[in-house]
1. Go through (1) modelled with pLDDT under 70; (2) part of a helix (DSSP H, G or I); (3) surrounded by fewer than 16 Cβ atoms within 10 Å (Cβ to Cβ) for residue 236 and report which single condition fails.
2. Among what's in region 239-261 and is out of contact with any helix residue (DSSP H, G or I) (no Cβ under 7 Å at 6 or more places or on another chain) and assigned to a helix (DSSP H, G or I), pick the residue that is modelled with the highest pLDDT.
3. Determine whether region 218-227 contains at least one residue that is crowded, with 18+ Cβ neighbours inside 10 Å, touching a helix residue (DSSP H, G or I) at 6+ places or on another chain (Cβ under 7 Å), at pLDDT 85 or above and part of a loop (DSSP other than H, G, I, E, B).
4. Going by the structure shown, is residue 192 surrounded by fewer than 13 Cβ atoms within 10 Å (Cβ to Cβ), within 24 Å of residue 149 (Cβ to Cβ) and at pLDDT 80 or above?
5. Part of a helix (DSSP H, G or I), free of Cβ contacts under 8 Å to residues at least 60 places away in the same chain, surrounded by fewer than 19 Cβ atoms within 10 Å (Cβ to Cβ) and out of contact with any helix residue (DSSP H, G or I) (no Cβ under 6 Å at 6 or more places or on another chain): is that true of residue 209 in this structure?
6. Looking at region 97-154, which of its residues are farther than 28 Å from residue 43 by Cβ, over 15 Å from the mean Cα position of the chain (by Cα) and surrounded by fewer than 13 Cβ atoms within 10 Å (Cβ to Cβ)?
7. Starting from residues that are more than 32 Å from the chain's Cα centre (by Cα) and part of a helix (DSSP H, G or I), keep the ones in region 32-57 and report whichever is surrounded by the most Cβ atoms within 10 Å (Cβ to Cβ).
8. Can you find a residue in region 170-188 that is in a loop (DSSP other than H, G, I, E, B), surrounded by fewer than 14 Cβ atoms within 10 Å (Cβ to Cβ) and out of contact with any strand residue (DSSP E or B) (no Cβ under 7 Å at 6 or more places or on another chain)?
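The values are calculated or read from the model by the stated rules, or taken from the named source; none is laboratory data. Please read all numbers here as calculations on a predicted model, not as lab measurements. Ideal geometry is used to build each Cβ from the backbone, glycine not excepted, and the neighbour counts take in all protein chains shown.
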């Protein structure tokens, strides 16, 4: 994790790729195509290696006919030239065009390579997760797993907590641990999210020794915290603090994933935003 990421100098939209695709993500996705499709090309007539004699011609045909919507007689004769043409398209396409390209590939996956299709999908999803894409390949479709509202909640909490350095530090650390592309630490990211909630509660109640449960009671008495919201936060705290919770060794890190961690971060930022607005009233 580099300096700019450790200390929160990258925006949440750079960390979670919602409507963008950086070079690392694009390069990783193309490498999966190269591994599972282009490196497995065979030809009926090895001496010619023509595109129309390859085992992936049906896929290429559909790229041109359905996706590019170009005349099929513009498909290059040689498979090597076809690959260059499609590669050039891939690396100049917009982020959403690349996701559509992946869907087109899944829908018309070469018959001769079907035994590798699941590996292709899993590898695509591995790259999407590694590079913190807001999407995953589920079935034949690219599906959003991170909404605009969730991103806005995290952005708002980071901005609102400018006056509360401890809260902001915990949130930045939670975000960076979750989004570390080399070695994400979901367990400690969740700890940091909860610590951010504890920190804001102690600030609001002016009691550094109050447990989260005690702080929530004080906040409820002073600001009229809704009972359902208090119960929700208490349950989240219980998830991290009971005998099987995230703060105990019994919950293995392998049981946690990006979805668990993002849920906790968003839930905690929602509460922090709510509480900061509440104390302004």
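1. Residue 236 satisfies all of (1) modelled with pLDDT under 70; (2) part of a helix (DSSP H, G or I); (3) surrounded by fewer than 16 Cβ atoms within 10 Å (Cβ to Cβ) except (3).
2. Residues of region 239-261 that are out of contact with any helix residue (DSSP H, G or I) (no Cβ under 7 Å at 6 or more places or on another chain), as a first pass: 239, 241-244, 248-252, 254-255, 259.
Now drop any that are not assigned to a helix (DSSP H, G or I), which leaves 239, 241, 254-255, 259.
Working: 239: 66, 241: 62, 254: 59, 255: 73, 259: 81.
Only one residue tops the list, namely 259.
3. No, there is no match, as no residue in region 218-227 is crowded, with 18+ Cβ neighbours inside 10 Å, touching a helix residue (DSSP H, G or I) at 6+ places or on another chain (Cβ under 7 Å), at pLDDT 85 or above and part of a loop (DSSP other than H, G, I, E, B).
4. When the stated conditions are applied, residue 192 does not pass them.
5. Details: part of a helix (DSSP H, G or I): no; free of Cβ contacts under 8 Å to residues at least 60 places away in the same chain: yes; surrounded by fewer than 19 Cβ atoms within 10 Å (Cβ to Cβ): yes; out of contact with any helix residue (DSSP H, G or I) (no Cβ under 6 Å at 6 or more places or on another chain): yes.
No.
6. Answer for region 97-154, where residues must be farther than 28 Å from residue 43 by Cβ, over 15 Å from the mean Cα position of the chain (by Cα) and surrounded by fewer than 13 Cβ atoms within 10 Å (Cβ to Cβ): just 139.
7. Step one: filter region 32-57 for residues more than 32 Å from the chain's Cα centre (by Cα), giving 42-55, 57.
Subsequent filtering for residues that are part of a helix (DSSP H, G or I) retains 51-53, 57.
Details: 51: 22, 52: 16, 53: 14, 57: 19.
The extreme case among them is 51.
8. Taking region 170-188 and keeping what is in a loop (DSSP other than H, G, I, E, B), we get 180-185.
Narrowing the set further to residues that are surrounded by fewer than 14 Cβ atoms within 10 Å (Cβ to Cβ) leaves 182-183.
From what's left, out of contact with any strand residue (DSSP E or B) (no Cβ under 7 Å at 6 or more places or on another chain): 182-183.
Yes, the conditions are met somewhere in region 170-188.
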